[in-house]
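Just so you know, all these numbers are worked out from the coordinates, no wet-lab data involved. The model shown is predicted, which means the values in this text are computed figures rather than measured ones. FYI the Cβ positions are ideal-geometry reconstructions off the backbone, even for glycines, and counts take in every protein chain you see.
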There are 2 protein chains.
Amino acid sequence: MSDSVSPLAPKSYPDMPAIRGVRMATAAAGIKYKNRTDVLLMVFDKPATVAGVFTRSKCPSAPVDFCRANLSHGVARAVVVNSGNANAFTGVRGKAATELTAKSASEAVGCGKNEVYLASTGVIGEPLDATKFAGVLGDMNSGATGDFWLEAARAIMTTDTYPKVATRTAEIGGVNVTINGISKGAGMIAPDMATMLSFVATDADIASPALQSLLSAGVGPSFNSVTVDSDTSTSDTLMLFATGAAAEDGQARIETADDPRLASFRAALNDLLKDLALQVVRDGEGARKMVEITVTGAESDAAAKVIALSIANSPLVKTAIAGEDANWGRIVMAVGKSGEMADRDRLAIWFGDVRVAVDGERDPAYSEAATTAVMKEQDIPVKVDIGLGSGRATVWTCDLTKEYVAINGDYRS
Amino acid sequence: MSDSVSPLAPKSYPDMPAIRGVRMATAAAGIKYKNRTDVLLMVFDKPATVAGVFTRSKCPSAPVDFCRANLSHGVARAVVVNSGNANAFTGVRGKAATELTAKSASEAVGCGKNEVYLASTGVIGEPLDATKFAGVLGDMNSGATGDFWLEAARAIMTTDTYPKVATRTAEIGGVNVTINGISKGAGMIAPDMATMLSFVATDADIASPALQSLLSAGVGPSFNSVTVDSDTSTSDTLMLFATGAAAEDGQARIETADDPRLASFRAALNDLLKDLALQVVRDGEGARKMVEITVTGAESDAAAKVIALSIANSPLVKTAIAGEDANWGRIVMAVGKSGEMADRDRLAIWFGDVRVAVDGERDPAYSEAATTAVMKEQDIPVKVDIGLGSGRATVWTCDLTKEYVAINGDYRS
C-alpha cells in the first residue's frame, strides 16, 4: 500500500447497500503483513449462482485453476480472498494450499469444497501457508455481516491507494435488484484480464449459464479495455454471484442471457463493470493522468482495439503524457507498430477537441498552446481516426511516471 | 543528447580503419540544434552495391519510402543522414523534402537521384526544411575523407550518450576485406528493427542480391533481437554498402549469398551487427543494467523468441531489474502472458548461474543472497527453460529506470 492516495481517486465513495444473501468479514491472518487485514470471507447463506472470467496467462495461479474447476458445479457458498501472497508458481504445494483453504472454508461455512471460490494476490512464487486460514475462518463466518462492502474492498488492496467499490440498481420484470462490486488492481494490469481481482454480487435470481454469458460479454468493453502496464497477472479473477434473494419479491428466475427482461440488469452490470475497471486505471501505479484512447475508422472493431492498445501500452506515449507533452508523433509511431492496416496519409489525431494532425501531416490550424492546455488536465482524451473503415474501440490507460518505476523497483523489499 | 554517458558504454573505441571507396563528412546545417553537426554525407566515388532493411511500421518515414524505392536500382553513390528531424508523418511536404535532398546530393556528388540514400532521425511530424542541405552538401563532398568513422557516428546521435562504431576483418578467397559500421539508437527501440539508423560499409566486392541476403539473415539474431522499450520507430534503417575495392587485390566478385567463399565474411558481418545492436541496448535511454535473456526448451525457435521478447518488454521485469530485485515471479508472469505454450510446472529460471525456480516452484536450494549478488552486477544474464521442446532464442534489453521516464517526459521541450 502506498502512503499517498492517487490524485485520480474518486472524490467520494458511494453508499454500498447490503445485498440480501451476502455476508462478509475480514481478518488479519498474518499472511505477509503484520497488523493489517489480509483475508476476506464472503458467505452466501443459500447457494448462489456463479460466473467467472480469469487470466489468459499460460501460467495461472493455483487459485485460478481451483476456481475454473469448481465453476462447472455452478453453485457458490463461500469466497476466500487473501492479499500478500498470490499462491502462483508454487507447484504441488500451491495446489495443496488451495485444497486446505477450501477445506477450512467448507468446514467454517458448512458447504462442499466445490462450492468454495478462492483468490490470492501478492507476491508470486512464495509458498502460501494456508494453515493460517483455519484458525480465522470460523470466527469470520460467525461475525460476517452484509454492511461490509467498503471494508471488504479495503482488505484486498495491495499497492492500491484507495478501495474500489461500485453499486447499481436495475429491475427485472418490475422487481428491483441491486448489484455491488469491489475490485483491486494497481499493477500488472492488462488485458486479458485487466484487474487482478474483482467480485460482484447481486440479489437477482439468474441461472449460472445466463450469468456467465452476461459476464463474458461485459468484460470486453470494461476490464479487457484497460491497461496500466501491459503486464498480465497470473491471478486475474472476476467473479459474479447471484443470490436469488429477489425471488422473495416475486422476481421470476431468468434462465438464459437472451431473455428480454434482462435489458435493465445487463445495462446496469455493464455500467458497474466499466466503473470498476476505470477505477483500477485511475489507481494505476504512479498514475497522474487518466488517458482515454478512442480509435475510429479502422478496418474492424478488433483492429481498432489492437491499435488503441498499441497506443495505450507504448512507453513513449505514456511518458510523453506524464510530461504533459503533446507529442503526437509518438501516436503515429504506435499506430504504425500495431501491425494493423493504416495509411499514414489518412490519419487524423486529436488531443481533447484539438485536431493536431490530419491527412498525414500536422494540422495547418494546429495550436501548440491549445494542445498544451489539454495536456495539463488530469483526464486526457486522445482520438485517432484511421480513415479506412468503420471499426471503433475505446481503451483506457494511465501515464508512465517515475513513481511507477519506484514502486516496482523495490516491491518485494 | 544527454550530458552523462551511459554506465554501460564501452570502455574504449576501436580504431576505425578507412574503407577504400568510402569518404564522409559532417556539417552543421541547423536542422534543429544550433552549433552541432546534424548532417552526415557518405560518398562512394565508384558505384557501390547496396542492401537495406527497414522498419516494419505501417507508417514509415518519407526517407524509408525513398530508400525502398531506390533499392531495386542496386547502386549507391551517396548517403545523406540528418538528425533533429525524422521527416516522418510530414505528408506531401515530406516526400518533397526527400526529393529535394536527393537532388542536392546528386548535384554535389555527380550521380543519379536513384543512387542516393536518405535517413532522418529526430522528432516526428515536423516539416523538414531540406533547403538547408543544398548549401552544405557541395562543400561536404569536397572535404569528405575516409578516416572519419567515429566522427560520423557522433553526427547521427540524438539521445545517444556515446557514438557506436564497430569494425571487423574477413577474407574472401584469400583476399582480406574490412567491414565498418556505425549506429545510433537510444529510444524507440524494438524489433523490427531495433536500431533507428545503422550504416555498414565494406570494401568487399559482392553483388547487391547477395549483399541483401546476407543482411536480411544477419538482422534476425542482432538488431531484431534487441529491445529497449518495445516501441518501433517509423524510421528504422539498416544499410550495407560494398564498394568492391578489394577487386583491386584480386578478390573475385561474389554473385550469390550461398557462395562458400562468403563464410568468413558472413561470420564477421554477423558479429559486427551483433556488436552494434548490443551497443544500442547498452545506450538504452536511462539504462543502468544490460540484460541478456535466453529462452530454451520452447516449442520452436520462434516461440522462444516471442517468450524472450515478452520478458524483455515487460515493464515489471525491467523495473525489478532496475531495483536489483530478483523478482523471478515476474518472469513467470511474462512467460504466461506471451501466449506461447508453457507449462508452469516444467519451468526453470536462472539469474546468472543461480537457479531460482525449478519444476513449477522455488528451487529448494535457492539462495536469495547469491541471487542478489547477481542482480548487483551491470550485466544480468537471465535464462528460462520452458521444458517442452528444443526451441531457443536470446534477446537483449536494458532495465527501465526513472531516467527513462525523465528523458522521454520532455523530449520535445
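Relative to the longest principal axis of the C-alpha atoms of chain A, give the angle of the C-alpha long axis of helix A:263-282, reported between 0 and 90° and rounded to the nearest 10°.
Between helix and principal axis, roughly 70 degrees.
Other chains' Cβ within 10 Å of A:83-91 residues: what's the mean?
Mean inter-chain Cβ contacts per residue within 10 Å come to 4.
Run the count for the range B:66-168, please: Lys pairs, Cα-Cα under 20 angstrom, 8 or more apart or on different chains. Intermediate results must be reported in sequence, preceding the final value.
On the way: B:LYS95/B:LYS103; B:LYS95/B:LYS113; B:LYS95/B:LYS132; B:LYS103/B:LYS113; B:LYS103/B:LYS132; B:LYS113/B:LYS132.
Step by step, the pairs that qualify in the range B:66-168 add up to 6.
Tell me, how many Å apart are the Cα centres for the range A:236-269 and for the range A:1-44?
25 Å
Could you compute the FRET efficiency for A:GLU107 and A:ALA263, with r as their C-beta to C-beta distance and R0 at 60 Å, rounded to 0.05?
Taking R0 as 60 Å, the efficiency between A:GLU107 and A:ALA263 is 0.90.
Taking a 23 Å limit on the Cα-Cα distance, which of the listed pairs A:LYS289/B:LYS58; B:LYS32/B:LYS184; A:LYS58/B:LYS305 fall beyond it?
A:LYS289/B:LYS58
How far apart, in nm, are two points set 7 Å out from the Cα along the Cα-to-Cβ line at A:ARG36 and at A:ALA217?
3.9 nm
So what is the relative contact order for chain A, in percent, with contacts set as C-alpha pairs under 8 Å and at least six apart? Before the final figure, lay out each step's value.
Numbers: 1072 pairs, mean separation 70.3, N = 413.
After rounding, I find 17 percent.
What shape does the range A:290-409 take by its C-alpha gyration tensor, where a ≥ b ≥ c are the square roots of the eigenvalues and a/c under 1.5 counts as rounded, a/b above b/c as prolate, and the rest as oblate?
Oblate.
Could you identify the residue of A sitting closest to the A-B rotation axis by Cβ and state that distance rounded to whole angstrom?
A:LYS402, 2
Work out, step by step, the length gained on full extension between A:VAL92 and A:THR256: first 0.36 nm times the residue separation, then minus their alpha carbon distance; give nm to one decimal.
Gain in length upon complete extension: 55.2 nm.
Given the -39500 (n - 2.57) contribution per DSSP H run of 4+ residues, what per-residue ellipticity at 222 nm results for the protein assembly as shown, rounded to the nearest 500 deg cm²/dmol?
The helix-only estimate for the protein assembly as shown comes to -9500 deg cm²/dmol at 222 nm.
Taking the Cα centre of chain A as origin, work out the dipole magnitude from +1 charges on Lys and Arg Cβ and -1 charges on Asp and Glu Cβ, in debye rounded to 20.
820 debye
Hey, with R₀ at 60 Å, roughly what FRET efficiency would B:THR145 and A:GLU368 work out to, going by the Cβ-Cβ distance, to 0.05?
0.90
If you take all C-alpha pairs in the range A:55-149, what percent of them are over 24 Å apart?
For the range A:55-149, the fraction of Cα-Cα distances above 24 Å is 18 percent.
Please give the contour-minus-distance gain from B:ARG68 to B:THR169: 0.36 nm per residue of separation, less the Cα-Cα distance, rounded to one decimal in nm.
Here the segment from B:ARG68 to B:THR169 would lengthen by 33.5 nm.
Kirkwood hydrodynamic radius for chain A: how many Å is it when counted over pairs of different Cα atoms?
Mean inverse Cα-Cα distance, inverted, gives 22.0 Å.
Does the protein assembly as shown come out rounded, prolate or oblate, given a ≥ b ≥ c as the square roots of the eigenvalues of its C-alpha gyration tensor, rounded meaning a/c under 1.5 and, failing that, prolate meaning a/b above b/c?
Working: a/c = 2.59, a/b = 1.88, b/c = 1.38.
Prolate shape, in that a/c is at least 1.5 and a/b is the bigger ratio.
Give the Rg/Rh ratio for the range A:193-262, taking Rg as the radius of gyration of the Cα atoms and Rh as the Kirkwood radius, to two decimals.
Ratio of gyration radius to Kirkwood radius for the range A:193-262: 1.07.
Given H placed 1.01 Å from N in the peptide plane, which residues other than close sequence neighbours of B:ALA28 have an amide H under 5 Å from its amide H?
Those qualifying (amide H under 5 Å, at least 5 residues apart or on another chain) are B:ASP38.
Peptide B:124-136: average number of partner chain Cβ atoms within 10 Å per residue?
If you average over the peptide's residues, the count of other-chain Cβ atoms is 2.
Given the convex hull of the Cα atoms of the range B:339-381, what is a quarter of its surface area in nm²?
With the hull built on Cα positions only, its mean projection is 3.6 nm².
Counting DSSP beta bridges with both partners in the range A:262-413, what percentage is antiparallel, nearest 5? Write out the running numbers ahead of the final one.
On the way: 16 of 23 bridges.
Counting only bridges with both partners in the range A:262-413, antiparallel ones make up about 70 percent.
At a temperature of 20 °C and a viscosity of 1.002 mPa s, determine how fast the range A:58-216 diffuses translationally according to Stokes-Einstein, using the Kirkwood radius over alpha-carbon pairs as Rh; express D in µm²/s, rounded to the nearest whole number.
128 µm²/s
How would you rank B:81-89, B:35-43, A:64-72, highest first, on the average number of other Cβ atoms within 10 Å across their residues? Provide the component values of the computation, followed by the final result.
Working: B:81-89: 27.0, B:35-43: 22.0, A:64-72: 18.1.
With the highest mean Cβ count within 10 Å placed first, the list reads B:81-89, B:35-43, A:64-72.
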